[in-house]
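Below you'll find the structure, written out as structure tokens, and then a few comments.
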Amino acid sequence: VSYLNSLPFVYGLKNWKGKTPVDIQLDIPSICAEKLISGQADIGLIPVAVLKQMSNYQIISDYCIGANGPVTSVLLLSEVPLEEIETIMLDYQSRTSVMLTRILSREFWKIGPVWENTSADYEKKISGKKAGVVIGDRALKLKGKFPYEYDLPEEWKKMTGLPFVFAAWVSRVELSDDFIREFNDSLKQGFDSIEQVIDQSESKELNRQDLSDYLKKHIDYKLDEKKKEGLNRFLEL
């Protein structure tokens, strides 16, 4: 995924030492999902919301893009409080965050807004009673710019008591145990090298300290049992 939150994974894969060559492509989450579903890619870090559309898949790694509380990069931004929102614009780059917003609206916030699909630069239309879901690096840039800001995984944890998984490493092809082990080791190398990742980053959105806080405190990369429980709950809803 071409967001700051996947920098450790990109670092690990670019330093790939496995026997089988890999080709790395960077895309926004919704395109990653489309490429995997259409067969243009064998493995993808894909939004977990699309798992419901897939009949044959395998989650192949102990790592994910997750959060156990506020993540700072998946936000509902508004000029008015929740109960006054009439329309919510949905981020065109997202699948999981869009579905999470719908679930929170129905199950937790108890609001019934009009849903509006979007295209580039829709964030500029957030005004009055029209709110917007914004994810990734654009959300980091807009954080603190609106009077009402709802961090979606933080709201999910209030509702369920569980952490949230945004994206998981998924394969639609049969992979050998050796390859899966090498792949996981490569991701672990990236995870263990976060300081080097931060030093090498050319982020225009965050300074070094904010990037460090984001990658080390807000993104939770381990796909542990609690996150699997949160993922299953999300898919049920």
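The values are calculated or read from the model by the stated rules, or taken from the named source; none is laboratory data. Note that the coordinates shown come from a computational prediction; the quantities given were computed from them, not determined experimentally. Positions of Cβ are generated from backbone atoms using ideal geometry, with glycine treated the same way; all protein chains shown enter the neighbour counts. Only protein heavy atoms, including side chains, enter the accessible area calculation; ligands, DNA and RNA are left aside. Shrake-Rupley method; radii C 1.70, N 1.55, O 1.52, S 1.80 Å.
When the chain is modelled as a GNM with alpha-carbon springs shorter than 10 Å, which of LEU223, LEU90, LEU175 fluctuates the most? The residue with the greatest mean-square fluctuation here is LEU175.
Taking Cβ atoms as reference points and 11 Å as the exclusive limit, the residues near LYS228 contribute a net charge of 0, counting Lys and Arg as +1 and Asp and Glu as -1.
When nucleic acids and ligands are ignored and a 1.4 Å probe is applied, SER55 ends up with an accessible area of around 100 Å². Counting only heavy atoms of the protein chains and using a 1.4 Å probe, TRP16 has close to 40 Å² of accessible surface. Surface analysis of the range 128-237 yields an accessible area of 51 Å² per residue, using protein heavy atoms and a 1.4 Å probe. Here the Gaussian network model covers the chain, with springs between Cα atoms less than 10 Å apart; of THR118, THR20, THR96, THR20 fluctuates the most.
What is the local net charge at GLY112, summed over the other residues whose Cβ is closer than 10 Å to its Cβ (Lys, Arg +1; Asp, Glu -1)?
Net local charge, GLY112 excluded: +1.
Around SER78, what is the net charge, scoring Lys/Arg as +1 and Asp/Glu as -1 over all other residues with Cβ under 9 Å from its Cβ? Around SER78, the surrounding residues sum to -1.
Tell me the carbon and sulfur percent of the accessible area for the chain, rounded to whole percent, probe radius 1.4 Å. Heavy-atom surface of the chain belonging to carbon and sulfur, 1.4 Å probe: 46 percent. From the square roots a ≥ b ≥ c of the eigenvalues of the alpha-carbon gyration tensor of the range 75-137, which class results: rounded (a/c under 1.5), prolate (a/b over b/c), or oblate? Oblate.
Of all beta bridges DSSP finds with both residues in the chain, what is the antiparallel percent, to the nearest 5? Looking only at bridges with both residues in the chain, the antiparallel portion is about 75 percent. Within the listed set LEU26, LEU140, LEU100, the Gaussian network model of the chain (springs between alpha-carbon atoms below 10 Å) gives the highest mean-square fluctuation for LEU26. With protein chains left intact and a 1.4 Å probe, residues in the range 36-76 average 38 Å² of accessible area per residue.
Could you list, in their original order, any pairs among LYS124/LYS222; LYS35/LYS227; LYS143/LYS222; LYS124/LYS204; LYS52/LYS110 whose Cα atoms are separated by more than 28 Å? Correct reply: LYS124/LYS222.
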